[in-house]
Ligand SMILES: NC(=O)c1ccc[n+]([C@@H]2O[C@H](COP(=O)([O-])OP(=O)(O)OC[C@H]3O[C@@H](n4cnc5c(N)ncnc54)[C@H](O)[C@@H]3O)[C@@H](O)[C@H]2O)c1
C-alpha cells in the first residue's frame, strides 16, 4: 500500500474527483478527512468509504473553514501528511458579461480556498517536524481557455503558480507541492457545465486523442502517485492527465478519433 499510515485532507471530497481520491487513498492505507460544503454528500461518502474515512462540513473559501478541516483531521487521526485542494466551482460567463459577484465566487473557492487550506495544512506539517505532500487540482484550462469559462480559466492559471510558489517555499521543510491538470472527467460538474450545450461533448472529443472522458479513478491514481514516496523527487510540477488534449493542435477528424 502506497500510503500506509498516512493522514490526508481532501477538499470537495463528497463527489466526483475528490471522492475518487478519497476512495483510492483509503484503499492505499491512508486515513482521510473529507471537507465539503455539501453536508449530506460528505457524510454519505465518508460512510460509504467506511473505516478510516470521516467528513467535516466546511466552506474552504474562509480561513476558519480551511483551518477547521486541518484541525478535524489532526483531532481525529493525530497528524496530517497530505493535503488535496480539490474543491472548485464554475460560473459560466463571457468576459463582456461576467458579473463581479460570479468572478469573486469562483476565485474564493478555487484559488483562495486552495491557498487557505494549503497554508493551514503546511503550518501543521511544519509544526509536526516537516514532511508532507500538497496536491492542487488544476485543469487543462490553466493552459488553454474555453470562452465562457472566464473566471474558472483564470483560477486554474493561478493554481499553476500557487503550486510552484508552495513548492519553492516548502521544500526546506520536506513538503512537496504538485498539481494535476485533468482534461474532461466524467463528473457531475461537467454534466452541469455542458447541460445547455448538446454539442459540447462531441466538440471536446474532437480535442481528445484518447477519444473518451476520463474517470475520477484515473485522476486519483495520479494523486496517489504524487502523494507517495514514489514521487519523492517531484515538486512544483503539474501532471496533465487529459487524454492527450494539450498535445493536440487543430481538432481530430472523425477517422482520427479513438474509440
Ligand atoms: N470534471 C472535470 O472534467 C475536471 C476537469 C479539470 C479539472 N477539474 C477539477 O477537479 C476538481 C474536482 O472537480 P469535479 O468534477 O469532481 O467537481 P464536482 O463539482 O463534482 O465536485 C466538487 C466538490 O467541491 C465541493 N465544494 C464546492 N465548493 C466548496 C467549498 N466552498 N468548500 C468545500 N467544498 C466545496 C462540492 O460540494 C463538490 O462536492 C476541481 O478542482 C475541478 O476544477 C475537473
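Computed from the coordinates by the stated procedures, all read-outs in this text should not be read as laboratory data. This is a predicted model, so every value here is computed, not measured. Please note: Cβ atoms are built from the backbone with ideal geometry, for glycine as well, and neighbour counts cover all protein chains shown.
Overview of results
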read-out: Viscosity 1.567 mPa s, temperature 4 °C, Stokes-Einstein D of the chain from Kirkwood C-alpha radius, µm²/s; value: 71 µm²/s
read-out: Mean separation of Cα contacts under 8 Å (6+ apart) over length of the stretch 68-199, as relative contact order %; value: 28 percent
read-out: Computed over the stretch 46-105, Cα set: Rg, Dmax in Å; value: 16.0, 49
read-out: Three-way shape label, the stretch 96-163, alpha-carbon gyration tensor, a/c 1.5; value: oblate
read-out: Rounded FRET efficiency, nearest 0.05, which uses the C-beta distance separating residue 145 from residue 75 and R0 of 45 Å; value: 0.65
read-out: Shape of the stretch 96-233, Cα gyration tensor, a/c cut at 1.5; value: oblate
read-out: Kirkwood Rh and Cα Rg combined as Rg over Rh, evaluated for the stretch 122-202; value: 1.13
read-out: Whole-number D in µm² s⁻¹ for the stretch 1-146, Kirkwood Cα-pair radius fed into Stokes-Einstein, 25 °C, 0.890 mPa s; value: 160 µm²/s
read-out: Sorted by Cβ neighbour density within 10 Å, fewest at the top, the residues 100, 28, 75; value: 100, 75, 28
read-out: Inter-label distance, nm, simple model (7 Å from Cα along the C-beta direction), residue 27/residue 39; value: 3.1 nm
read-out: FRET efficiency, residue 206 to residue 97 (Cβ-Cβ, R0 22 Å, nearest 0.05); value: 0.25
read-out: Stretchable slack from residue 168 to residue 4, in nm (0.36 nm times residue separation minus alpha-carbon distance); value: 56.4 nm
read-out: Förster radius 30 Å - calculated FRET efficiency between residue 188 and residue 256, Cβ distance, rounded to 0.05; value: 0.50
read-out: Computed over the stretch 156-259: relative contact order in percent, which uses C-alpha pairs under 8 Å that are six or more apart; value: 40 percent
read-out: Zero-based 10 Å bins, Cα pair distances in the stretch 1-86, whole percents; value: 22, 59, 19, 0
read-out: Estimated translational D of the stretch 154-259 in µm²/s (Stokes, Kirkwood radius over Cα pairs; 37 °C; 0.692 mPa s); value: 212 µm²/s
read-out: Computed Rg/Rh of the stretch 166-220, alpha carbon atoms with Kirkwood Rh; value: 1.19
read-out: Per residue convex hull volume, Cα atoms of the stretch 1-45, in Å³; value: 52 Å³
read-out: Fewest-first sequence of 2, 156, 47 by Cβ atoms within 10 Å of each Cβ; value: 47, 2, 156
read-out: Projected label distance in nm at residue 126 and residue 62, using a 7 Å step from Cα toward the beta-carbon; value: 2.5 nm
